[in-house]
Structure formats: C-alpha cells, structure tokens
C-alpha cells in the first residue's frame, strides 16, 4: 500500500491510528522531519505538531493538503511515465528507472504481474498512478486496452523468444 493510501485509510479508522500513520509516513516513507513536511504542505508547523500529538483533529482542507503533498512527493515527474507490465522475473525487481529512448529521457515504472488478474489490476493501478501509456504482452494487451483509457502498446520480444526456445531445446536433450 502506498503512503497516500496509508494516510487516507488511517484517517477513516481512528484519530490515534491516523496520528501514528502520518508520523510514520513523514519520518520513514518520505524521510522528512515534521517541520520540512509542514513547509511542503503550507500548514503551520504548530498545526502539524498538534495533529501529530493528538491535540487537534485535521479539518477536511488540511487533510486534503496532507494527502496532496504526499502524492506530489511520492509521484515524481508529476506522474508522467510509461508503465510496463511483465512477470516479476522479467523485471528483476526494478521499480522505476529513467532511460534515454529515441533521444528522449523517459521515466519507466514497472508493474509486476504473474497472472491475467494481476495484470488487469496492475494496469488499473498504473493508470491511476498517472501513466501516460502502458506496455505489456500481447495476451494481456487486448483485455487491458478495453479497461483503461491510456494507450496500450503490445511488446513482442523476439530475442527473448529465441532464448526461451534454446532453453527448451536444452531441456529436451
């Protein structure tokens, strides 16, 4: 669960859980001090300290500011990226990278999936996270393309296919 969702869910549970979760997100997920976070949210530090200590409940406007700031901090480049859906083993556990492709710097965010259901969920999450396009295997491409509104491009890894056939031949020996 991402930091933004943690804070939203905790706000719906209880004041105590919200205070603990917000404090943890600020310190551990965002690696910020309360003062630095207050500056980024344009919330007075005294107000944030009161919220974190339980001496004040945030109003809706303040909660929106907190969530928006967490979203802005955790989604670099304003969410402008291309998502790739592939098996976990193919992605080698890389979550996000920047590469120069066709002469342009592109942020690529990877969404691992090992089943059709996981691929559909990953596609929805990628669109919700702000992906501008999605790249996935042909078998997933047509289904996902019907569900999300961003462009979906199919990848046909010819070199990988040759390597897989070579492995199959070795196993058959």
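Values in this text are rule-based calculations from the coordinates and carry no lab data. Everything quoted here is computed from the prediction, not taken from an experiment. Neighbour counts are summed over all protein chains in view; Cβ atoms, including those assigned to glycine, are modelled from backbone coordinates with ideal geometry.
Being outside any strand (DSSP E or B) and free of Cβ contacts under 8 Å to residues at least 60 places away in the same chain: is that true of residue 110 here? So residue 110 does not fit the description; no. Does residue 166 qualify as being surrounded by 15 or more Cβ atoms within 10 Å (Cβ to Cβ), assigned to a helix (DSSP H, G or I) and out of contact with any strand residue (DSSP E or B) (no Cβ under 7 Å at 6 or more places or on another chain)? Taking the combined requirement at face value, the residue does not satisfy it. Listed conditions (1) part of a helix (DSSP H, G or I); (2) more than 25 Å from residue 109 (Cβ to Cβ) are all met by residue 56, apart from (1).
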